[in-house]
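Undergrad: Please see the structure below; I have some questions.
The values are calculated or read from the model by the stated rules, or taken from the named source; none is laboratory data. Predicted, not measured: the structure shown is a model, and the values here were computed from it. Cβ sites come from the backbone with ideal geometry, for glycine too, and all protein chains shown count toward neighbours.
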Amino acid sequence: MRGKKAVRRIIKPDPKYGSVVLAKFINNLMLNGKKTTAQSIVYGAMEKIAESTKRDPLKVFEEAIKTVQPQVEVRSRRVGGANYQVPMPVRGERQDALTFRWVIGAARAKKGQPMAEKLATVLAEAAQGTGDAIRKRDDVHRMAEANKAFAHFARFAK
């Protein structure tokens, strides 16, 4: 490894709700540097969540993120000429990254609605423990469970 390790940037909380996690989510949703567009989509989704669930939208968002977060994942390890899918625990930062990716991917995969509505639907479903993002998390956990026999290779991994 050459050079120094990149310093982690401190992300400012979002202007409306004051949440750092929501600010990171907005940054992940953003395309081509259009942050105001991403903010309007997320805030529109939050308003729709507040309308439909009659609850605090930030609480619903945090609940959805918490339920989608993966605990274990499989990583490829080469041992003695064979590749094994080794189950490993997921670090906190990667948990957030995977969660955001799955939620945004599930929203973008839906067709025929504005993005704010699609995102609101995905977040509301995730908070209840259903939907495409939850299915993705369950697939990852199922893969880890199926490959539990190779867990002893994890101690060699970085």
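Undergrad: Can you tell me which residue is modelled with the highest pLDDT among those in segment 85-108 that are surrounded by 18 or more Cβ atoms within 10 Å (Cβ to Cβ) and either in contact with a strand residue (DSSP E or B) (Cβ under 8 Å, 6 or more places away or on another chain) or farther than 23 Å from ARG135 by Cβ (or both)?
TA: Of everything passing the filter in segment 85-108, LEU98 is modelled with the highest pLDDT.
Undergrad: In this structure, is LEU98 farther than 28 Å from ASN147 by Cβ, part of a helix (DSSP H, G or I) and aliphatic (A, V, I, L, M)?
TA: Spelling it out, it is not the case that LEU98 is farther than 28 Å from ASN147 by Cβ, part of a helix (DSSP H, G or I) and aliphatic (A, V, I, L, M).
Undergrad: Examine segment 51-71 for a residue that is over 22 Å from SER19 (Cβ atoms), small (Gly, Ala, Ser) and surrounded by fewer than 16 Cβ atoms within 10 Å (Cβ to Cβ), and state whether such a residue exists. Give the steps one after another, and end with the answer.
TA: From segment 51-71, those over 22 Å from SER19 (Cβ atoms) are 71; that's our starting set.
With the extra rule that they be small (Gly, Ala, Ser), the set shrinks to none.
Checked segment 51-71: no residue is over 22 Å from SER19 (Cβ atoms), small (Gly, Ala, Ser) and surrounded by fewer than 16 Cβ atoms within 10 Å (Cβ to Cβ).
Undergrad: Within the bounds of segment 24-43, is there any residue that is among the charged types (D, E, K, R), at pLDDT 95 or above and closer than 21 Å to LYS136 by Cα?
TA: So far as segment 24-43 goes, yes, one or more of its residues are among the charged types (D, E, K, R), at pLDDT 95 or above and closer than 21 Å to LYS136 by Cα.
Undergrad: From the residues in segment 16-43 that are over 21 Å from PRO114 (Cβ atoms) and touching a residue at least 12 places away in the same chain (Cβ under 8 Å), which one is surrounded by the fewest Cβ atoms within 10 Å (Cβ to Cβ)?
TA: Looking at the filtered set, the residue picked out is SER19.
Undergrad: Then there's this: Kindly check whether there is at least one residue in segment 51-70 that is of a type outside the set (Ser, Thr, Tyr) and closer than 18 Å to PRO114 by Cα.
TA: The answer is yes; a qualifying residue exists.
Undergrad: Does segment 146-158 include one or more residues that are loosely packed, with under 14 Cβ neighbours inside 10 Å and within 22 Å of the chain's Cα centre (by Cα)?
TA: no
Undergrad: Run THR130 past the list (1) without any contact (Cβ under 8 Å) to a residue 60 or more places away in the chain; (2) part of a helix (DSSP H, G or I) and report the number of the one that doesn't hold.
TA: In the conditions (1) without any contact (Cβ under 8 Å) to a residue 60 or more places away in the chain; (2) part of a helix (DSSP H, G or I), THR130 misses (2) alone.
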